[in-house]
1. I'd like to know if the stretch 295-302 contains one or more residues that are open to solvent by less than 20 Å² (accessible area, probe 1.4 Å) and modelled with pLDDT of 95 or more.
2. Can you find, within the stretch 191-221, the residue that is most open to solvent (accessible area, probe 1.4 Å) among those that are part of a loop (DSSP other than H, G, I, E, B) and in contact (Cβ under 8 Å) with a residue 60 or more places away in the chain?
3. Could you check how many residues of the stretch 106-130 are touching a residue at least 60 places away in the same chain (Cβ under 8 Å), touching a strand residue (DSSP E or B) at 6+ places or on another chain (Cβ under 8 Å) and surrounded by fewer than 21 Cβ atoms within 10 Å (Cβ to Cβ)?
4. Need the failing condition index for Glu304 against (1) closer than 15 Å to Arg208 by Cβ; (2) in contact (Cβ under 8 Å) with a residue 40 or more places away in the chain, just the number.
5. Out of Val361, Val380, Val342, Val322, I need the residue that is in contact (Cβ under 8 Å) with a residue 12 or more places away in the chain, β-branched (Val, Ile, Thr), in contact with a strand residue (DSSP E or B) (Cβ under 8 Å, 6 or more places away or on another chain) and open to solvent by 70 Å² or more (accessible area, probe 1.4 Å). Which one?
6. Can you confirm whether the stretch 210-217 contains a residue that is farther than 19 Å from Asp64 by Cβ and in contact with a Cys (Cβ under 7 Å, 6 or more places away or on another chain)?
7. If you go through the stretch 149-164 one residue at a time, how many are open to solvent by 40 Å² or more (accessible area, probe 1.4 Å) and either within 20 Å of Ala200 (Cα to Cα) or among the hydroxyl-bearing types (Ser, Thr, Tyr) (or both)?
8. Return the residues of the stretch 222-255 that are under 21 Å from Tyr193 (Cβ atoms) and either without any contact (Cβ under 8 Å) to a residue 12 or more places away in the chain or not in a loop (DSSP other than H, G, I, E, B) (or both); say none if nothing qualifies.
Amino acid sequence: MKNTKKSILFALICLILSLALCLSSALAAPAANTPQPKPAPQARTGNKNPAQLNTTAESAILMDYNSGQVLFQKDPDTRRPMASVTKLMTMLLICEAEAQGKIKLTDKVVASEHACSMGGSQIFLEPGEQLTIKEMLISIATGSANDASVAMAEQIAGSEEAFVAMMNEKAQAMGLKNTHFSNPTGLPVENHYTSARDMAKVLRECLRYPVFREVSKIYEYDLRGGEFKLWNTNKLLKWYPGTDAGKTGWTNEAKFCLAASAKRDGLRLISVVLGCPMPKTHFQETMKIFNYGFARYKAVNLAEEGQVIKVIKVDKGDLEKVKVITQAPVGLVVAKGQEKTVQGQINLPDKLKAPVKKGQVVGNYVVTKDGQELLKVNLVAADNVPKASPFKLFNDILNRVYGME
């Protein structure tokens, strides 16, 4: 009897516990199944520095000239029309041809009927009129002259079409992935576009040529003996201290554009703005971007382009030694206060073996920040050193023998 009562009591206890567990699960179910709020989506923007700088330009970039470091960007790789900023590539090819000895600044250019038919900004060339290449270049840089641009295109390549092919070949050689030219002027035409990043690279390449720097900073110029006055369309030459190069552009399609360079305290910056909405806003936005760069960053320049780094012995050469120079500027831009984190290391052999060619890479200059390599610049031979003749080698041996004590 006792065993029966115990069994009944145990069964009742188990039933009560089961009922309590089911009731608890039922009460908890609605809370567990209640949908949880989703996190709000994050806003997307092409500007990687949204809290630091805002610009009304559709695309913009701020680049250090020496190292190519990008300090600010907004949609830098979007393809956009560029208007007369196109002429930076036109001037680059002119300066390159002059540096290679293919043309001289004193050469005369005869204007063709085709060149004289260009509309927009012009110096009103007459068919058969002659100006020097330097006058044409100044007219392009200062007055944004379309007729002078086409006249120079024909002078260098034989035709405007051949020159445009050269422009695109140069763009490809420079690795410009979002740029294509259809004319040397920037007048509206299909399949003619660039990006802020690409055009910054073009201006950076232009600045390597002294003749570009010379003509780009001219604010006013008397053409044809003073009969025609040129005023530079880049008003920052007067409005913003340190500005010394650049090119403006405007069409209905491209809106207001400007690629410009300014230098202060050893820091040269390049700014490009494309698609600014209103007149003068391309100047206002560029000044804002320059102010941002000069306020926040400082240049650590270790060596200028072409600076002699060392003189190295040459074994069995016509000359005993050769100068080694930098192929490009050596330095970085860092946030102010971080200058001491930048270090440079020169890597060169103790001696070279003849023959040595001018421009031959013989070493490198490595720049690090906080121990991380950020820049490597080639070190090259400054001169040719041919192999020494057998007579000279024999004479050198005699000199060494008889020069011994």
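The values are calculated or read from the model by the stated rules, or taken from the named source; none is laboratory data. Keep in mind that what you see is a predicted model, and the values were worked out from it rather than measured. Ideal geometry is used to build each Cβ from the backbone, glycine not excepted, and the neighbour counts take in all protein chains shown. For the accessible areas, the whole protein counts, side chains as well, though only heavy atoms, and no ligand, DNA or RNA atoms are used. Shrake-Rupley method; radii C 1.70, N 1.55, O 1.52, S 1.80 Å.
1. Taking every residue of the stretch 295-302 in turn, none turns out to be open to solvent by less than 20 Å² (accessible area, probe 1.4 Å) and modelled with pLDDT of 95 or more.
2. Among residues in the stretch 191-221 that are part of a loop (DSSP other than H, G, I, E, B) and in contact (Cβ under 8 Å) with a residue 60 or more places away in the chain, the one most open to solvent (accessible area, probe 1.4 Å) is Arg208.
3. Count: 1.
4. (2)
5. Val361
6. Checked against the condition, which is being farther than 19 Å from Asp64 by Cβ and in contact with a Cys (Cβ under 7 Å, 6 or more places away or on another chain), the stretch 210-217 yields at least one hit.
7. 0
8. Hits for the stretch 222-255 are Gly246, Lys247, Thr248, Gly249, Trp250, Thr251, Lys255.
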